[in-house]
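Some notes on the structure that comes next.
The values are calculated or read from the model by the stated rules, or taken from the named source; none is laboratory data. Since this is a predicted model, take the numbers as computed values, not measurements. Here the Cβ positions follow ideal geometry from the backbone for every residue, glycine too, while neighbour counts run over all protein chains shown.
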Amino acid sequence: MSKWTRRALIALAFLVVVGGGAYYWLIVESHMPADAEFSLDMNAVRELADAMPGDKPENIQVEQVAGFAFPATAIVAGDGWAQKAMPVFSYRVVYPDGTSGIIDTAMDQKTAEAAGAPEFDQDAYDRMSAAMHKASFILITHEHMDHIGGLAAQPDVAALTPVVKITKEQQDHPERSAPVTFPEGVREGFTPVVYDRLTAIAPGIVLIKAPGHSPGSQMIYVRKADGTEILFLGDAVWQFRNIEVMRERARLVTQFMLKEDRMAVFGQIKALAALHEAEPGLKMMPGHDGGMMASLLEEGVLSKGFE
């Protein structure tokens, strides 16, 4: 073997090692850090849910407005390259007296097309838009385009200002909503919800601060009149498998695309896994999990379609 061939093989081996290491680090590695922590005191959450006077909601309706498809490893690191559906939902919480609230507002068709979403349901979007204009409150799990975009796209969004319960962190980070923008002055006109760890926002509904996926990320707890409990996780996890296997999204996604606080999200995953083991009857709805959605619809926890 000539010295040049030997040098070439050494260089190739070096590239394989470096490339393989980079691939593992960016695409596969998702070890749960031992010191990852997140405080999730469900006793305190339930006390707050019961403390606000009034009837609790009798129904939670859902619309699937749009849908993405991502490689499985983008959702759960190391899960391979097969495409997995990532539906985009909006929820309507309905009270016995007919009043209602909205959790997440999906996105409009223009935003969906710009983001490369292959699915968009205009009828579902129209029903959601109409429901927003009848709502007593509008809540956003976090400030990304596929959760806040439907609100920003309303032609008369300024008229919704009194019922929008955006948090201070969501208001302060418009860059996290890109490419979605509000008309000039509208975002600044919202009166933000300011709270530390927990706050009740309506009978049976509690906000749980959970920054990590974005600065303004929060979970939303809903307790129905029949006692059913559901925790809307936002995008702390995209699908329930993140909790089952206690793995984050691929580092390529979390650090270079989403700019997540990865340690904070790991803490939330650990806390949610422990909560699910301790209280399997408490329902959890991840941000983009069609399988979990189908199960909750079948169980009657959620109802399909805004009425």
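Checking the stated criteria, residue 257 turns out to be surrounded by fewer than 19 Cβ atoms within 10 Å (Cβ to Cβ) and either at pLDDT below 95 or touching a Leu at 6+ places or on another chain (Cβ under 6 Å) (or both). Comparison of 107, 132 shows that the only residue that is within 30 Å of residue 226 (Cα to Cα), of a type in the set (A, V, I, L, M, F, W, C) and buried (at least 20 other Cβ atoms within 10 Å of the Cβ) is 132. Search the range 187-210 for residues being of a type outside the set (Val, Ile, Thr) and in a loop (DSSP other than H, G, I, E, B), and hand back the single one that is surrounded by the fewest Cβ atoms within 10 Å (Cβ to Cβ). Step by step, filter the range 187-210, then rank; the result is 196.
Of a type in the set (Gly, Ala, Ser) and crowded, with 20+ Cβ neighbours inside 10 Å - does that describe any residue in the range 14-27? Among the residues of the range 14-27, not one is of a type in the set (Gly, Ala, Ser) and crowded, with 20+ Cβ neighbours inside 10 Å, which makes the answer no. Look at (1) within 23 Å of residue 122 (Cβ to Cβ); (2) not assigned by TED's automatic domain parsing to the domain that holds residue 163 and you find that residue 108 fails only one, number (2).
Based on what the data block shows, is residue 104 among the charged types (D, E, K, R), in contact (Cβ under 8 Å) with a residue 12 or more places away in the chain and within 18 Å of residue 233 (Cα to Cα)? Yes; evaluated as a whole, the condition is true for this residue. On inspection, residue 292 qualifies as surrounded by 15 or more Cβ atoms within 10 Å (Cβ to Cβ), without any contact (Cβ under 8 Å) to a residue 60 or more places away in the chain and out of contact with any helix residue (DSSP H, G or I) (no Cβ under 7 Å at 6 or more places or on another chain). Filtered by the rule that a residue be in contact with a helix residue (DSSP H, G or I) (Cβ under 8 Å, 6 or more places away or on another chain) and without any contact (Cβ under 8 Å) to a residue 60 or more places away in the chain, the range 120-139 gives 120, 122, 129, 132, 133, 135, 138. Among the candidates 244, 307, single out the residue that is among the charged types (D, E, K, R) and at pLDDT below 95. Of 244, 307, the one residue that is among the charged types (D, E, K, R) and at pLDDT below 95 is 307.
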